[in-house]
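Enquirer: Sharing a structure below in structure tokens format, with a few things to ask.
The values are calculated or read from the model by the stated rules, or taken from the named source; none is laboratory data. Every value quoted in this text rests on a predicted model; they were computed, and no experiment measured them. Positions of Cβ are backbone-derived with ideal geometry, glycine not excepted, and every protein chain shown enters the neighbour counts.
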Amino acid sequence: MNHIRTILKISFISFLLIINFQNVQSQSIDIDIDPIAYVLKGFSIHAGLNTDHIRYDIGVFGIEVPESFHGNDGFNNYMWGAGAKADYYFKGTEKGLYTGFGMDLTSSRVRLEETGNETSVTQFGAGINIGYKIGITKNLFVKPWFGLSYLFNADDIVIDGQAFEQSSIRPFPTVHVGWTF
């Protein structure tokens with residue numbers, strides 16, 4: 001948990017520095033959530049600073065990863081973390097196609113259902129994403145997007161002699177809903 005606090009502090013300070021050095025007239029701030037995370041017994045909230053073509057994002061998130069997604073029968077996986085992203089919008093940050101990169105630090109708790117024994121690992125990931133921002137009203141928006149991250153320490157996790165296998169490549173399809181201030 002100390003790693004998550006550290007990345008949140010660094011992200012928040014970076015966010016404040018970005019706000020301070022950007023042209024005040026070409027900025028807006030937004031907040032968005034990932035409703036899918038809440039359905040998966042988790043949470044998600046992200047703050048963004050929008051300039052003419054770039055959105056800087058910091059956020060926290062957590063989900064109970066469905067077994068069908070992690071692919072390890074008999075294991076439960078809950079992950080939570082914090083991250084930062086920068087996205088480039090081709091026609092301005094109000095709407096349209098965007099692509100970007102991000103990094104995150106996550107804690108992943110893995111439990112073997114058979115015995116109830118569990119362990120936690122902290123993982124660092126970095127990757128790319130692509131999405132499309134749809135303006136619903138002047139302030140309300142929806143963003144379907146897809147990310148592909150590389151986990152730098154995606155070693156298999158062994159609990160009671162059984163392996164929870166992990167891949168270094170983590171796909172992440174989702175939809176965010178948000179509000180621009």
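Enquirer: Scan region 118-136 and report the pairs whose first residue is farther than 22 Å from Trp80 by Cβ and whose second residue is modelled with pLDDT under 95 and assigned to a strand (DSSP E or B), with Cβ atoms within less than 9 Å and a gap of 6+ or a chain change.
Expert: Hits for this filter: zero, empty list.
Enquirer: Buried (at least 19 other Cβ atoms within 10 Å of the Cβ), without any contact (Cβ under 8 Å) to a residue 40 or more places away in the chain and hydrophobic (A, V, I, L, M, F, W, C): is that true of Leu40 in this structure?
Expert: In short, no.
Enquirer: When the residues of region 59-95 are narrowed to those that are polar (S, T, N, Q) and part of a loop (DSSP other than H, G, I, E, B), which ends up farthest from the chain's Cα centre (by Cα)?
Expert: So, considering only residues that are polar (S, T, N, Q) and part of a loop (DSSP other than H, G, I, E, B), the one farthest from the chain's Cα centre (by Cα) is Asn72.
Enquirer: In addition: For region 79-107, which positions are in contact (Cβ under 8 Å) with a residue 40 or more places away in the chain and more than 15 Å from Ala126 (Cα to Cα)?
Expert: Trp80, Tyr89, Gly92, Thr93, Glu94, Lys95, Tyr98
Enquirer: If a residue has to be over 20 Å from Ile45 (Cα atoms), in contact with a strand residue (DSSP E or B) (Cβ under 9 Å, 6 or more places away or on another chain) and surrounded by fewer than 13 Cβ atoms within 10 Å (Cβ to Cβ) to count, how many in region 100-152 make the cut?
Expert: 6
Enquirer: While we're here: Among (1) over 16 Å from the mean Cα position of the chain (by Cα); (2) at pLDDT 95 or above; (3) under 30 Å from Gln162 (Cα atoms), where does Asn2 come up short?
Expert: Tallying (1) over 16 Å from the mean Cα position of the chain (by Cα); (2) at pLDDT 95 or above; (3) under 30 Å from Gln162 (Cα atoms), Asn2 fails exactly one: (2).
Enquirer: Residue check: is Ile169 within 30 Å of Ile29 (Cα to Cα), β-branched (Val, Ile, Thr) and exposed (fewer than 13 other Cβ atoms within 10 Å of the Cβ)?
Expert: Numbers: within 30 Å of Ile29 (Cα to Cα): no; β-branched (Val, Ile, Thr): yes; exposed (fewer than 13 other Cβ atoms within 10 Å of the Cβ): yes.
Against the criterion (within 30 Å of Ile29 (Cα to Cα), β-branched (Val, Ile, Thr) and exposed (fewer than 13 other Cβ atoms within 10 Å of the Cβ)), Ile169 does not qualify.
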